[in-house]
Amino acid sequence: MEKNTKKIIYSISGVLIVFLFATYGAFFAPPLSFQKDSIVTISSGTGVQEAGELLKAKSVIQSPFVFSILVRFIYPSGIIANHYSFSKPQSVLTVAYRLAKGKTDLVPLKVTIPEGSSSFEISNILEGTLKDFDSVTFKALAKSQEGYLFPDTYFFLPGTTPDVVIDTMRKNFDEKIKPLESDIVIFGKPMSEILTMASILEREARQSETRRMVAGILWKRISIGMPLQVDAVFGYIFQKSGYAPTLTDLQTDSLYNTYLHRGLPPMPIGNPGLEAIQDAVTPTKNPYLYYLTDTDGNIYYAKTFAEHRLNKLKARN
């Protein structure tokens, strides 16, 4: 009788253990389909059940129902809206704890924006660094801020939204530009024109000394009503970095085409650094109207179109 009782107890215990393991695996353990480095965004006003569905959709938990029950019974104050990073599988108990306590586990990511980068180039950099970054929204919002998104090294949290990125970069510009404000006032041209010129200089010349020479030529062309005829604008028009225009491209119907339209483009073609902005407002006076750069980066200046044509021959040889 005693032996039978023990067998029954052992059998029941075994069944319970199997049941508990099965229950844990089915409801409490992380899904087998868990994806590393997932970011889940819990917006303000998101309910517990809805949050559970979001977590399941990202393969962080298996059961929104179990998640909801745990939060409601253990953490009656609810969950905290934020972006949450999941770098490794965690039980639903741990996930519930983290959302209730606001434990995001987010690590700032380093993003370096080179000087002269346009908004579409910045978007590509951000998209390659910040997982699930909304590049479409960024490009739409950044268009009006072209020239004011200061090129620098930033640290953004995963899940950072486009408006926060733009606001951060714009505030950085407003701070960094302060040392140049007196030079800008003395130069006497609107900030928008100065930034547009500086954005062109970033693409047209590599060294500060050369940029100032080119600035002197381009400002002079504007003053006498001569088209700027700069190739740098075509990379912006076609949204292709380092694009070299063809003869057909020179006839492209765009307000940014400085072969067809006199004066500066309507907006900057990139986001210049401080040096280029400084060069734009401190141009070097010179007698030249033309310049060109060869494939080795050597620059040739000319006073007349005839001299310019000769320089083209030199640059090819």
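Keeping to the stretch 272-317, report how many residues are at pLDDT 95 or above and in contact with a Ser or Thr (Cβ under 6 Å, 6 or more places away or on another chain).
Qualifying residue count for the region: 3.
When the residues of the stretch 71-110 are narrowed to those that are in contact with an Asp or Glu (Cβ under 9 Å, 6 or more places away or on another chain) and in a strand (DSSP E or B), which ends up surrounded by the most Cβ atoms within 10 Å (Cβ to Cβ)?
In this case the residue turns out to be Tyr84.
At least 3 residues that are within 19 Å of the chain's Cα centre (by Cα) and over 15 Å from Met267 (Cβ atoms) in each: list the helices (runs of 4 or more DSSP H) lying fully within the stretch 118-214 that qualify. Give the derivation first.
Values: elements: 119-129, 135-142, 162-176, 181-187, 191-204.
Filter on the stretch 118-214 gives 119-129, 135-142, 162-176.
Sort through Gly159, Gly102, Gly128 and tell me the only one that's touching a residue at least 60 places away in the same chain (Cβ under 8 Å) and of a type in the set (Gly, Ala, Ser).
Details: Gly102 fails: touching a residue at least 60 places away in the same chain (Cβ under 8 Å); Gly128 fails: touching a residue at least 60 places away in the same chain (Cβ under 8 Å).
The conditions single out Gly159.
Give the residues of the stretch 273-300 that are part of a loop (DSSP other than H, G, I, E, B) and without any contact (Cβ under 8 Å) to a residue 24 or more places away in the chain, sorted by residue number.
Pro287, Asp294, Thr295, Asp296, Asn298
Identify the residue in the stretch 185-228 that is among the hydroxyl-bearing types (Ser, Thr, Tyr) and in contact (Cβ under 8 Å) with a residue 40 or more places away in the chain and, among all such residues, is farthest from Ala302 (Cα to Cα).
At the first step, the residues of the stretch 185-228 found to be among the hydroxyl-bearing types (Ser, Thr, Tyr) are 192, 196, 199, 208, 210, 223.
Filter again for in contact (Cβ under 8 Å) with a residue 40 or more places away in the chain, leaving 192, 196, 199, 208, 210.
Values: Ser192: 29, Thr196: 24, Ser199: 23, Ser208: 19, Thr210: 14 Å.
Only one residue fits best here, namely Ser192.
Of all residues being among the hydroxyl-bearing types (Ser, Thr, Tyr) and in contact with a strand residue (DSSP E or B) (Cβ under 6 Å, 6 or more places away or on another chain) in the stretch 86-129, which is nearest to Thr168 (Cα to Cα)? Just the residue, please.
For the stretch 86-129, the residue satisfying everything is Thr112.
Scanning for something of a type in the set (S, T, N, Q) and outside any loop (DSSP other than H, G, I, E, B), does the stretch 230-249 turn up at least one residue?
no
Quickly run through the stretch 111-158 and pick out the residues that are more than 30 Å from Ala51 (Cα to Cα) and surrounded by fewer than 15 Cβ atoms within 10 Å (Cβ to Cβ).
Matches in the stretch 111-158: Thr112, Pro114, Lys143, Ser144, Thr153.
Determine whether Leu55 is in a loop (DSSP other than H, G, I, E, B), closer than 14 Å to Pro89 by Cα and assigned by TED's automatic domain parsing to the domain that holds Leu93.
In short, no.
What pairs come up if the first residue lies in the stretch 169-180 and is under 9 Å from Tyr148 (Cα atoms) and in contact (Cβ under 8 Å) with a residue 24 or more places away in the chain, the second is among the hydrophobic types (A, V, I, L, M, F, W, C) and not in a helix (DSSP H, G or I), and their beta carbons are under 8 Å apart, counting only those six or more places apart or on different chains?
Listed by first residue and then by second, the contacts come to Met169/Ile113; Met169/Leu149; Met169/Phe150; Arg170/Leu149; Arg170/Phe150; Phe173/Leu149; Phe173/Phe150.
Have a look at Glu209, Glu175 and point out the one that is closer than 18 Å to Tyr288 by Cβ and surrounded by fewer than 15 Cβ atoms within 10 Å (Cβ to Cβ).
Matching residue, one of Glu209, Glu175: Glu209.
The values are calculated or read from the model by the stated rules, or taken from the named source; none is laboratory data. Bear in mind the structure is a predicted one, so any value in this text is a computation, not a measurement. So basically every Cβ, Gly included, is an ideal-geometry build from the backbone, and we count neighbours across all protein chains shown.
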